[in-house]
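Take a look at the structure set out below.
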Protein chains: 2
Amino acid sequence: MIARYADLLPPETLPRVHEASLEVLERVGILVRHPRARDRFRDHGCRVDADRHVVRFPRRVVDDFRVLIPPTFTFRARNPDYDRTVPTDSLVVSTASSCPNLIDADTGAERRARSADIARIAHLVNALPGIDVLSIPVLADDAPPGQFSLSRVYPAIKNCIKPVKFSLLNPTEAWQIIRLGEAIAGGERAFWDRPFFSFGYCSIVSPLTMDVDSTEMLMFYAERGLQAYGALAPIGGISAPLPMIGQLVQMNAEWLAAAVLAQIKRPGTAQIYNHLPVVADMRTGAYAAGAVETGILAMALAQMARFYNVPSGGYIGLTNSPIGDAQAGYEKALSTALAAAGGIDFMLVGGLLEALLAFDYGQLVIDNEIALMLKRARQDLDMGDIARAVDEIDAVGPGGMYVSTATTLERMRTAALLPDIAERERREAWLGRGGLDAHARALVRAKRLMAEPNPHALAPEVDARIRSRFDDLVAGDSLPVESWKALLAERPRERRTRRRSFAA
Amino acid sequence: MIARYADLLPPETLPRVHEASLEVLERVGILVRHPRARDRFRDHGCRVDADRHVVRFPRRVVDDFRVLIPPTFTFRARNPDYDRTVPTDSLVVSTASSCPNLIDADTGAERRARSADIARIAHLVNALPGIDVLSIPVLADDAPPGQFSLSRVYPAIKNCIKPVKFSLLNPTEAWQIIRLGEAIAGGERAFWDRPFFSFGYCSIVSPLTMDVDSTEMLMFYAERGLQAYGALAPIGGISAPLPMIGQLVQMNAEWLAAAVLAQIKRPGTAQIYNHLPVVADMRTGAYAAGAVETGILAMALAQMARFYNVPSGGYIGLTNSPIGDAQAGYEKALSTALAAAGGIDFMLVGGLLEALLAFDYGQLVIDNEIALMLKRARQDLDMGDIARAVDEIDAVGPGGMYVSTATTLERMRTAALLPDIAERERREAWLGRGGLDAHARALVRAKRLMAEPNPHALAPEVDARIRSRFDDLVAGDSLPVESWKALLAERPRERRTRRRSFAA
């Protein structure tokens, strides 16, 4: 319900950043390694240096194509009730992707992730109201040959009713996934009527380079009208200029270049102004994804996205901490809150630790709570009626109590977010319940949720259809670890406390 | 450097909140328990119900006096170099006050705080660049009879070079503290030329009540031109209406009433629109100081303060967690980042856990890092020059590296905040250093800082002057626990890593 988002940059700076980006595209250009992409750029008015493979953009070309980008982007789910559109749905929150490792929920050790982990994460995402989109967070180390991405996507889509988003290596993989989609939809036409996957790609390798594989996928998705968006991830001081304005100008030029190619392939292709801007910790060159600078740059980039009237998004809310401790808490909450106040539409935030290296179940439950808090600040909250408020203040009077007024009783469940993880009782009560820290409580909650049956798994007949089409497919089921089931017998604290309500 | 702060409320709502507050003051009024205050209100045009002690404010009275409030408030330090003025100095951050307990830095147990703890906290605050003001966080359980507040203020002012702020019980205490100030300043005139204490008081007991003691102190400070500000701490659903707009209208009326009294006593008295708005967790009635609603209301209240052209402040960044875990991290960072983006000028944030119950040394060091991150977003950062950025992007070219450009080398120490507590290296490196979580690392850092000599303790001759004036005074020295001194032998990580810089 923020009436007006914070502006990091003075409004007069935005056209200057735009102009500077046009100058970069015209004067410096983009190194485009994909021959067919270079041809398309040339066909539409760009100048191509045939030896150096550098494409230079007359500003007219950029301005003509960028205005074709629609103002919204829809993440489709296999059940359309779970579709999410940015910016219409205000703040849309996704898990973050794609790390190789996972913190084992029982041993606490970091290990390679497997397809069964993805199935469980998908199941968990169903149960977390703050998480709207499953961007598949980990790789599947047990993928059979030729099924690198299928072994990630199948467990995800089999178990998750929310929109699923992922990256693919090449068109061969894409056709495999499209066949999976057709099997779920019940046929080719049914799938293509409403393709319910969202795809990500690395639009640019900073600085100013489009590689072969990602560019191939960008064109593949755009040609076929599949929902897809890129990510820009330059590191200030390494692959981008260090002063923030330089990083911003470069990122904006990079975003424009990739956006122009998508519009050339299919005018009206939906896009997200999506990014992961990091400024390196120049003491060690460390990749400081949890730093405040990522939040500050996200505010500036959200402004640029508004300038272009396109949805903004980002990997925002990462942490460098290897565990779910205070650092993970403050790094994730601080950048995301700045970006939320700055008007970002979409956040890839949930579940990762150690920058982009490891997924953690407990952290995803914590990030769900952070997401709910941010959404609270962004929701169109019913603040109540001013005249009625004055009447109530009059009726209660100086020194009175509001505990059992009609308005209080009417709003006691909705006036404030009622969190699941945050401890709100006194130390003695907390110690009496075992004195677990927030991450340990979140991990118990994750296991309990995953020990419940998954009401949203694909129907057996649909699954049989899929399995008949793919040999050697991973199992893809969300099976709880045996010991987690014992947690179901414990009554969760949040239900217990809700029962003995204050006004009762 | 946020060019324009976020507005929670549409701008047209602000005059409506103001009007509704005027209506509350005119129609409902304030219960004023202090006879002399009632007289002053009556003398200046208010209507006083002599039986019920309710004061009703014609709107002209409110509007005439509130415009007298100056737009700035200065926290004075005994060394004027450390003075801080809101909003001139952008975001000013203070420790939070005044809790009874402290988490022992060695045992981890919660215990009553003592004057020696206050001396150490004061010493620690000197060493934390993100903390501008010492609002004395704890009570002194060892206070001799008749020195309840002196036993807090003396150890604080003896050790802290930054502005010190605190509350007092009554004018007797105030005269004792003024005598302390005169002893430090070297005489009555020297003290009154530049009184270097800031005072807090509870301006209103919500709803709409001014009690005897706090109102006495409000008038005491205003009459003498001492820097002081009140706090409003209504709890939505208990001592304020539950819908947010009702809480906002009531708080605004309460702030106006107390502000009017201060201006009646001395026109031009500096004030802060300062608050701690909480919405109760109606499941249990718990005091949810760490909830996102506190951040959301802080944004709205910062807007009201801008509407009145007065500095805004608040207890923002509290947590309900009993330990320095992920919950403490995300609750503190989320509300403060929302408030910072919403333009709050002053935050009482540092060091508390378990809402307002316990101070923790490690948490103060973490909160210092959060404060530095927030200040980074609010500082007038040098973003660099756009034309120069384009030239550098051109010089480096597509696929190039920025690691050792002139601009990178020039800015590598300043382009990003270099935090002390955040872990940025990989899991193996972290485990190799002991695998401490952020709070444990912060606690080690706190002890190391407190084991160093305090360069800012009062000069022995000044201290002798003080001690000669007060019998039975607590010692007030910051003496490290013996075991902390061993930490000085360990070279701190942040210095070590700074040495092997990336570009070297």
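The values are calculated or read from the model by the stated rules, or taken from the named source; none is laboratory data. No experiment lies behind these values; they were computed from the predicted model shown. Counting neighbours? That spans all protein chains shown, and the Cβs are built from the backbone with ideal geometry, glycine included. Side chains are part of the model used for accessible areas, which takes the heavy atoms of the whole protein and leaves out ligands, DNA and RNA. Shrake-Rupley method; radii C 1.70, N 1.55, O 1.52, S 1.80 Å.
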* At 27 Å minimum axial length over the Cα atoms and a Kyte-Doolittle cut of -0.5, report the qualifying DSSP H helices in chain B, or say none. => B:244-265
* **the stretch A:35-126: Rg to Rh, with Rh as the Kirkwood radius over Cα pairs** => 1.19
* **Overall form of the stretch A:296-421 per C-alpha gyration tensor (a/c, 1.5; a/b vs b/c)** => oblate
* Asked: Roughly speaking, to the nearest percent, how much of the stretch A:340-380's 1.4 Å accessible area is carbon and sulfur?
  -> 49 percent
* Structure fact -> For the stretch A:243-357, the Kirkwood Rh over every pair of distinct alpha carbons, in Å, works out to 14.6 Å
* Asked: Looking only at the stretch A:174-189, which residues have a backbone nitrogen under 12 Å from a spot 7 Å from the Cα of A:R469 in the C-beta direction?
  -> A:175-189
* Beta bridges per DSSP with both ends in the protein assembly as shown, % antiparallel, nearest 5 -> 35 percent
* **Cβ neighbours within 10 Å from other chains - mean over B:52-62** => 1
* Sequence-distant lysines (8 or more away, or on other chains) whose Cα lies within less than 27 Å of B:K158 -> B:K447, B:K485
* Asked: How big a patch of accessible area, both sides summed and in Å² to the nearest 100, lies buried between B and A at a 1.4 Å probe?
  -> 10500 Å²
* Could you give me the ³J(HN,Hα) list for the stretch B:420-437, computed from phi with Karplus coefficients 6.51, -1.76, 1.60 and θ = phi - 60°, whole Hz, x at Gly and Pro? -> 8, 9, 4, 7, 10, 8, 6, 3, 5, 5, 5, 4, x, 8, x, x, 6, 6
* DSSP loop (so not H, G, I, E, B), at most 14 other Cβ within 10 Å: list which trypsin sites (Lys or Arg not before Pro) in the stretch A:1-70 pass both filters. => A:R52
* **Potential extension, A:E19-A:R52 segment - 0.36 nm per residue separation minus Cα distance** => 9.4 nm
* Karplus 3J(HN,Hα) series, Hz, for the stretch B:309-323 with 6.51 cos²θ - 1.76 cosθ + 1.60 (x for Gly, Pro) -> 6, 10, x, 10, x, x, 6, 10, x, 7, 9, 8, 5, x, 9
* To do: Within 10 Å of each Cβ in peptide B:316-325, how many partner chain Cβ atoms are there on average? Round it to a whole number, please.
  => 6
* Under the definition of partner shielding as Cβ atoms of other protein chains within 10 Å of a residue Cβ, what is the mean value for peptide B:364-374? -> 3
* trypsin sites (Lys or Arg not before Pro) within the stretch B:421-486: which are DSSP loop residues with at most 12 other Cβ atoms inside 10 Å? -> B:R433
* Asked: At q = 0.06 Å⁻¹, what is the log10 ratio I(q)/I(0) for the protein assembly as shown, with the Debye formula run over Cα points and no solvent?
  -> -0.46
* How far apart, in nm, are the 7 Å Cα→Cβ label points at B:A395 and B:N79? -> 4.0 nm
* Asked: What's the longest bit of chain A with no exposed GluC sites (Glu not before Pro), using DSSP loop states and at most 15 other Cβ atoms within 10 Å as the test?
  -> A:13-489
* **From phi via Karplus (6.51, -1.76, 1.60), per-residue ³J(HN,Hα) for the stretch A:268-284 in Hz, x at Gly/Pro** => x, 5, 5, 9, 10, 7, 10, 7, 9, x, 10, 9, 5, 7, 6, 5, 10
* To do: With r as the distance between the Cβ atoms of B:R266 and A:R59 and R0 = 60 Å, compute the FRET efficiency 1/(1 + (r/R0)^6) and round to 0.05.
  => 0.45
* To do: Work out Dmax and Rg for the stretch B:348-435 from the C-alpha atoms and quote the Rg first, both in angstrom.
  => 18.9, 57
